[in-house]
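Take a look at the structure set out below.
Taken together, the values in this text are just the output of simple stated rules run on the coordinates, not laboratory data. Keep in mind that what you see is a predicted model, and the values were worked out from it rather than measured. In this analysis, Cβ positions are derived from the backbone assuming ideal geometry, glycine residues included, and neighbour counts consider all displayed protein chains.
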Amino acid sequence: MLIESRTISVEEVEIYRSSKYQVITIIPSDQNPAMNIYIFDQEELDHFLKSYTKYAEFIISVSQVEAMA
């Protein structure tokens with residue numbers, strides 16, 4: 001569900017494009033529940049999301065952790 005859409009500057013796009021992102025997933029197994037934390041640049045994040053097919057692991061958070069101005 002889209003909550004908001006707004007126009008941003010080209011400079012903002014470049015900041016987001018050059019940033020690092022943290023992705024947190026969990027595996028809610030009865031035997032060995034686990035939390036996985038990944039750090040990606042934008043290209044790696046795109047690849048991760050496009051090829052994400054892990055069974056019973058779900059993404060709980062994606063956040064910018066390092067902005068490169």
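If R0 is 30 Å, the Cβ-Cβ spacing of Ser61 and Gln31 corresponds to a FRET efficiency of close to 0.80. Which entry in [x] 14.6, 47; [y] 16.0, 54; [z] 12.2, 41 matches Rg and Dmax of the Cα atoms in Å derived from the coordinates of this structure? Step by step, Rg and Dmax of the Cα atoms in Å for this structure corresponds to label [x].
The Thr7 and Thr53 beta-carbon pair, evaluated with R₀ = 30 Å, returns a calculated FRET efficiency of approximately 0.35.
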